[in-house]
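Okay, so here's the structure we're looking at.
The values are calculated or read from the model by the stated rules, or taken from the named source; none is laboratory data. Just so it is clear, the structure is predicted and the values come from calculations on it, not from any experiment. No Cβ is skipped: glycine too gets one built from the backbone with ideal geometry, and neighbour counts run over all protein chains shown. Surface areas here come from the heavy atoms of the whole protein model, side chains and all, with no ligands, DNA or RNA. Shrake-Rupley method; radii C 1.70, N 1.55, O 1.52, S 1.80 Å.
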Amino acid sequence: MRQSFVPVLTVLTFLVVLWYAAAVWLNAPWAHDRATRSGEVLTTQTLIADTWSQDKPKLPAPHQVATEIWQTTVEKNITSKRSLVYHAWVTLSATLLGFVLGTGLGVLLAIGIVYNRVMDMSVMPWVIASQTIPILAIAPMIIVVLNAVGVSGLLPKAMISMYLSFFPVVVGMVKGLRSPDAMQLDQMRTWHASAAQSFWKLRLPASMPYLFTSLKIGMAASLVGAIVGELPTGAVAGLGARLLAGSYYGQTIQIWSALLVAAALAAALVGIIGIVQRVTLKRMGMS
Amino acid sequence: MAWLVFAVAAWIAGYSFNVWLSRRPPSRWASLAAPIVFGITLIAVWEGVVRGFEINQVLLPAPTVIAARFVTSTEILWVDFVQTVFKGALSGYIIGCGAAFLIAIAVDRFPFLQRGLLPVGNFVAALPVIGMAPILVMWFGFDWQSKAAVVVVMVFFPMLVNTVQGLQASDSMQRDLMRTYGAGYWRTLAKLRLPAAMPFIFNGLKIGTTLALIGAIVAEFFGSPVRGMGFRISTSIGQLALDLVWAEIVVAAIAGSAFYGLMAMVERTVTFWHPSQRK
Amino acid sequence: MAFGNSADVMASKTDGATPIGGRDAATEAVISARNLDLTFQTNDGPIHALKDVNLDINKGEFVSFIGPSGCGKTTFLRVMADLEQPTGGTVTVNGVSPQEARRSRAYGYVFQAAGLYPWRTIGGNIRLPLEIMGISKAEQAERVARVLELVELAGFEKKFPWQLSGGMQQRASIARALSFDADILLMDEPFGALDEIVRDHLNEQLLKLWARTRKTVAFVTHSIPEAVYLSTKIVVMSPRPGRITDVIDSPLPHDRPLEIRETPEFLEVAHRVREGLRAGHADV
Amino acid sequence: MAFGNSADVMASKTDGATPIGGRDAATEAVISARNLDLTFQTNDGPIHALKDVNLDINKGEFVSFIGPSGCGKTTFLRVMADLEQPTGGTVTVNGVSPQEARRSRAYGYVFQAAGLYPWRTIGGNIRLPLEIMGISKAEQAERVARVLELVELAGFEKKFPWQLSGGMQQRASIARALSFDADILLMDEPFGALDEIVRDHLNEQLLKLWARTRKTVAFVTHSIPEAVYLSTKIVVMSPRPGRITDVIDSPLPHDRPLEIRETPEFLEVAHRVREGLRAGHADV
Amino acid sequence: DDVTLQLKWVTQAQFAGYYVAQDKGFYEEEGLNVTIKPGGPDVAPTQVLAGGGADVTVDWMPSALSAREKGLAMVNIAQPFKSSGMMLTCRKDAGVESTDDFKGKTLGVWFGGNEFPFLSWMNKLGLGTEGGEDGVTVLKQGFNVDPLLQNQAACVSTMTYNEYWQVIDAGLTPEDLQVFKYEDQGVATLEDGLYVLEDKLSDPAFEDKMVRFVRASMKGWKYAESNPDEAADIVLENDASGAQTEEHQKRMMGEIAKLTAGSNGALDEADYERTVESLLSGGSDPVISKAPEGAWTHAITDKALN
Ligand SMILES: Nc1ncnc2c1ncn2[C@@H]1O[C@H](COP(=O)(O)OP(=O)(O)OP(=O)(O)O)[C@@H](O)[C@H]1O
Ligand SMILES: Nc1ncnc2c1ncn2[C@@H]1O[C@H](COP(=O)(O)OP(=O)(O)OP(=O)(O)O)[C@@H](O)[C@H]1O
Ligand SMILES: Cc1ncc(C[n+]2csc(CCO)c2C)c(N)n1
Ligand SMILES: [Mg+2]
Ligand SMILES: [Mg+2]
């Protein structure tokens, strides 16, 4: 952790410098465009100043995004509709519900696949195929169909999160539940353990490292799902709504700040799972 | 009612057939047939339920309707397929995976980068595509280049992380052996670490296949020429041509699964030596 | 030396009274194999892991199995434990089928590697079969304490496996097999991974334990001195197809200090085992 | 027995002429360690893997290292091979630093596990060091054929490692170390995973090879008979901190049939090694 | 009584009438409990209506008629918007001064049911839409005006009340731009109308609900027309995304008022006929293949407005 501080900082510094440079490069055409139309002459200095302070830049400068994030998180009351904290919370609730549902579904499917030969033989290719369907395309249909049967509110969004997050959990848990070696399974046989006993006492604990890795990927996927799910519900609130409203009005600064907050949210959620993982595995003596 | 009975009957028939299959000694044939039977069962149940409950075709068309549309629209589907898969997804996939591979080697060569780049990379990887897509469309224009860019962003990190992990997969004894031969960095890379990394690299490549397709389609929602699978899906929803939407989804699913299957096959020939590939 | 019919060999060897303790073992066959065959079907064609194997193990005997790699030792042990189905012949354990014996938890099995669960402490690992067999908490604690004492690991109950040396892990694994007090112990190269000194020590311990508890033990090993030192009966096997080529009753006394390994009697038995083994190797 | 200063022991042992072959070995030290120290820094605190180790290995000698697990045998071999940096003292190989020796490919190293690359055939594995050393294709083929012959694996060139038994893999790994014909062979428990018969056979082969090629061999083992059977000099080590407690020159003749293991001289040396080992164990 | 209204787009002054009616209690006065669901680029109002997620929806006539032909019997029950706000906004520096300059240019068009008026216009101009020298290259415009600002297209679709002002806000001046209003080109189609499912209308209770709904909504619209600033404020309060600005909404309300002016809510049959004609002539692949029947009714407005 500590040894990576300096390298991370270096890379970040490099990225920020690159970002500023890219902002000049990408925003310069517009600055020139406007200058020619108004007949101004741009010096290098005014050009750079202009590219870093445009209202709707092609690429906003880091400080513009930082200011926007600061204004929409710290300086706004968190119950305000203009507060990113409020929108992050809206997205977070759908993410968490979808994550719980997805994990549940994933684990159940994995148990089915591991314990039932019929499922083992037939389900997996379709689980993979399900992930090749563009979610953005069927999200509106899912929402409408669920609406038609009277389900609305948080749940439809959570279902889309679930759709994206169950996949890594199935894949990881099938691997994990199969990770006990033949000898460990034979041991259970010699003690004449029931299927339930071998599950709780052998397969499940053995799958823990795999479970946590899957949970991390699943959580990130779930967040993407929640954001996608916000669009076909009228994008009323949430980070997805901010992204959409931002692109609708060409508010690049708003897009970038919503993007970064979404990524930070994902990082935080994954980080929390990481902590739980470390504590659990430590207590299980597996780290 | 008859259709609902049909759905239930189809389910029972499919399930019992697979039970029968699973009781037989395992064979290549059975492992191929089981998922197919499962899929056919699903489709039959879908047909039965849609017709049985008389679900409006603008909400969920029946498989037969989709199939009929598929057959009459092959020309459109093909044009869209070329635009999205060949131009957008494939070029992005190749550029993204290729760049990730090269950077992985650089990251591996300089541990400083590894400690610095990977955490930042993980953060960047968490940026949702839905947000990236409009930006990239703005930067790279509305044609396939922006779709390829979205795909590059999507496949880059899974590939990078897997390759970096793979390059560390050779055990220390194998590396020590190379030292005793006085082999340098590049020789060790070529003769030991790359072959040992192959299972991981293919993991990244396989994950990338589905991501590439989804990325290319999703990006078309945010501006595109008047062809492409994402274009067709988004505009057809507006026109309530749900059968065409589903036909495109079927193409996407087939293409995605085939792409994945192809990678899995290449993997099997390249990493034939890996315990998971041996029988 | 080559043995045309192992059943004959069997008869001539096991019918005599065992020289140890003077008890008449022949009347109390605990494990009995008759014309045992086991063929694995693989995509390279069938592998005859066991062919026409006949053997009786009597109550309280310590039987070692020795033979080159792949001769079917593990397979034979696994058949006794109902972990593998023979394709021909019969095995009975305590007069019933191996499956029934397994259901009644008639034996403890010690695998080649320690195979402790890393997420359980040593105590937790030993408690595992007891939990599965539904033994009360109080008794679990008591038994765990007792077997830990037996393998000299008292005080390590709360430690995790990786905090112990390989030898200690192996002892924990033996403790686990002992915890539920089965009459039959099946041990598959339990000391394979240990260094000679630790191995000697564990051999001594095992012998003491056996003398005290009068369990029946089937023991697989690669080491000739180990086989000779431990056993009342040594079964030499040879591969392709796996079969019994020699059964040697040990003339050594019941009480065996480590030094016995340098006595002429010991060396003689060892020599005979080595000859038997070499014959098996030459066959190939 | 405890040795206060291993350097003294060293001096008194190695200065005399070796009893084998009558050549004056002391003047031809191929590997020489002086006051060698190696401490690993771990998060549990430092581990003294080697402390104050002095040793000379002469040209053409076969030196075995024996000692309980964790006493630093592997570490010592790795220092000689420049796979580990000593934290104190010096080692020279052929008069130069281990690093230079490694660069000039002065030795072949056989690891404890076979460590063959699964994606290469047996032939490909043996060819690997030759490719790296830039030897011509034709000569590669010739050498591969020769060493395969040597370890009796002719005909298995095209097989993949997992298609061979453990013993065959181990032999392939030895063939690989022999292929580039280095003068020094470092072998870390190469026969650990094999059964006794195969092991005996390979021991014989190794001895023959050594006699024929006059290589210098440093050999780590856990088995006392193996050490005594193979070596001209046996180095007994003891752990925490890893140090040399005894260096035994073998009085056995150069020519050693397997039966030599039952002679009194052999047993006497074995006994002395065992005593040395036990002393080390008791220390702990 | 509960009524759910599905909007065609996100919460903005385009739908001020409904929000005003809600906020001012006009719906309540009619005994209605109205839920307003915002739309967006990923919401197809027709599909929501079909799925039962809404009782009534705001939609444009081309998309409603096309849905009708696809088997979803949508009926126009009221038409608060009299005229069309759709136009093509071009950059003069891209060389577009008149419709003759379109040839060989790239034009941004909204799809999803909104492309039909454009296609019939191009058809009328005799321009192909498959690209090349003699036709125009069509680009599926996302939901913003970036392609124009980034010079990726010579023209983009805009609404008088919305996207046009985004172009202006971005720094282009009206002098830099050449606009073509569909109204002026004679290809205008009817925009925001209220649609319900035909079979539901046969239920007198539902019909009565709609009568009250339309009455209250029109009251809202007329209030919004005369109090644009207050209406814009009400819209802002109802915008849950917090993305709208006061300045923009007030301006939009001003423009919207121009479009609703002249409509009392009842559909003008002549407008309808013009729309149908325009859609029937929509180039090679017309939106509707034959004139629809029963696609509108005056039954509701007749009762509501008297
Ligand atoms: N599950 C299996 N499928 C196919 N062949 C098997 C299987 N298990 C064992 N064999 C084969 O059966 C033969 C006997 O194997 P077994 O494990 O019993 O040998 P062993 O005597 O225990 O050898 P070792 O000393 O190496 O442990 C071997 O040739 C082996 O390859
Ligand atoms: N890389 C390392 N980091 C920390 N400690 C190490 C490392 N390598 C070895 N050790 C420690 O150094 C000591 C000597 O290890 P070494 O591997 O040389 O023992 P050994 O004699 O070869 O034992 P064995 O017979 O089990 O192979 C041990 O206590 C070991 O734990
Ligand atoms: C993806 C997409 N883009 C544009 C429109 C057209 N549209 C319909 S209502 C409205 C609001 C005007 O500000 C606009 C732009 C659409 N339907 N879908
Ligand atoms: Mg075995
Ligand atoms: Mg070692």
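With a cut-off of 15 Å between beta carbons, the residues surrounding residue B:74 carry a summed charge of -1, where Lys and Arg count +1 and Asp and Glu -1. For the chain pair B and D, the buried solvent-accessible surface (1.4 Å probe, both sides summed) amounts to about 2200 Å². Interface residues of the stretch A:114-136, defined as those losing at least 30 Å² of solvent-accessible heavy-atom surface relative to the isolated chain (probe radius 1.4 Å), are listed as A:117, A:118, A:121, A:122, A:126, A:128, A:131, A:132, A:133, A:134, A:136. A crude spin-label estimate for the pair residue C:149 and residue E:226, with each label 7 Å from Cα along the Cβ direction, gives 10.1 nm.
For residue C:205 and residue A:3, what is the calculated FRET efficiency with R₀ set at 56 Å and r taken between the beta-carbons, to the nearest 0.05? It comes to 0.75.
What does the C-alpha gyration tensor say about the overall shape of the stretch B:1-110? Classify as rounded when a/c is under 1.5, otherwise prolate if a/b is larger than b/c, or oblate. Cα axes put the stretch B:1-110 in the oblate bin.
3J(HN,Hα) couplings calculated from phi for the stretch E:131-145 with the Karplus curve 6.51 cos²θ - 1.76 cosθ + 1.60 (θ = phi - 60°) are, in sequence order, x, x, 5, 9, x, 10, 8, 9, 10, 6, 6, x, 9, 9, 9 Hz; Gly and Pro show x. With a 1.4 Å probe and all protein chains left in place, how much of the accessible area of the stretch B:70-277 comes from carbon and sulfur atoms, in whole percent? Answer for the stretch B:70-277: carbon and sulfur cover 70 percent of the accessible area. Using only helices, what value at 222 nm comes out for the protein assembly as shown when you add -39,500 (n - 2.57) per DSSP H run of length 4 or more and divide by the total residues, to the nearest 500 deg cm²/dmol? When only DSSP H runs of four or more count, the value is -17000 deg cm²/dmol. Of D:183, D:249, B:176, the residue with the largest accessible area leads and the full order is D:183, D:249, B:176 (1.4 Å probe). Taking the Cβ of residue D:66 as the centre, find all other residues whose Cβ is under 11 Å away and add up their charges (Lys, Arg: +1; Asp, Glu: -1). Charge balance near residue D:66 sits at -3. Based on the alpha-carbon gyration tensor of chain B and its eigenvalue square roots a ≥ b ≥ c, which shape applies: rounded if a/c is under 1.5, prolate if not and a/b is larger than b/c, or oblate? Oblate, because a/c is 1.5 or more while a/b does not exceed b/c. Legend: residues C:73, C:159, C:137, sorted from most to least accessible area (1.4 Å probe; ligands, DNA and RNA excluded), read C:137, C:159, C:73.
In this view, the solvent-accessible surface of residue C:47, computed with a 1.4 Å probe and all protein chains in place, comes to about 90 Å². Ordered from largest to smallest accessible area (heavy atoms of protein chains, 1.4 Å probe), the residues B:207, D:174 come out as B:207, D:174.
Each Lys and Arg contributes +1 and each Asp and Glu -1, all at the Cβ; summed about the Cα centre of the protein assembly as shown, the dipole is approximately 3260 debye. Does any residue of the stretch A:208-254 lose at least 40 Å² of accessible area with all protein chains in place compared with its chain alone, and if so which ones (probe 1.4 Å)? Residues meeting the cut-off: A:224, A:231, A:234, A:236, A:244, A:247, A:248, A:249. At an R0 of 25 angstrom, the distance between the Cβ atoms of residue B:72 and residue B:15 translates into a FRET efficiency of 0.15. Multiplying the residue separation of residue D:263 and residue D:212 by 0.36 nm and subtracting their alpha-carbon distance yields 15.9 nm. Solvent-accessible area per residue for the stretch A:2-59 at a 1.4 Å probe radius, Å²? Accessible surface, normalised per residue, equals 65 Å². In percent, rounded to a whole number, the relative contact order of the stretch A:2-59 is 42, using alpha-carbon pairs under 8 Å and six or more apart. Here the simple spin-label model places points 7 Å from the Cα toward Cβ, and for residue B:94 and residue B:175 these points are separated by 3.4 nm. Modelled this way, with points 7 Å down the Cα-to-C-beta line, the labels at residue B:2 and residue D:159 are 6.6 nm from one another. List, by residue number, every residue in the stretch D:109-158 with a reduction of 50 Å² or greater in accessible area between the chain on its own and the complete protein assembly, 1.4 Å probe. So the qualifying set is D:111, D:117, D:119, D:132. Over chain C, what is the percentage of antiparallel beta bridges among all DSSP beta bridges, to the nearest 5? In chain C, approximately 55 percent of DSSP beta bridges are antiparallel ones. Cross-link pairs exceeding 22 Å between alpha carbons, from the set E:82/E:290; E:209/E:303; E:8/E:290; B:87/B:206: E:82/E:290; E:8/E:290.
Put simply, chains D and C cover up around 1500 Å² of each other's accessible surface, both sides summed, when a 1.4 Å probe is used. Once the 1.4 Å probe is applied to the protein heavy atoms, chain C comes out at 40 Å² accessible per residue. Ligands, DNA and RNA left out, the accessible area of the stretch A:106-229 computed with a 1.4 Å probe is 72% carbon and sulfur.
Take the alpha carbon gyration tensor of the stretch B:74-137, find the square roots of its eigenvalues, order them as a ≥ b ≥ c, and report rounded if a/c is under 1.5; if not, report prolate when a/b exceeds b/c, else oblate. It is oblate, given that a/c is not under 1.5 and a/b is not larger than b/c. State the percentage of accessible surface on the stretch B:2-55 attributable to carbon and sulfur atoms; use a 1.4 Å probe and exclude ligands, DNA and RNA. The nonpolar share, carbon plus sulfur, comes to 75 percent. Solvent exposure of the stretch B:2-55 amounts to 64 Å² per residue of accessible area, where only protein heavy atoms count and the probe is 1.4 Å. Peptides C:62-69, B:67-74 ordered by packing proxy, namely the average of other Cβ atoms within 10 Å per residue, highest first: C:62-69, B:67-74.
Total buried accessible area between B and E, probe 1.4 Å, nearest 100: 1900 Å².
Using the Cβ of residue D:167 as centre and a radius below 10 Å, the other residues enclosed give a net charge of +1, where K and R count +1 and D and E count -1. For residue A:270, the accessible surface of its heavy atoms amounts to roughly 40 Å² (probe 1.4 Å, protein chains only, rounded to the nearest 10).
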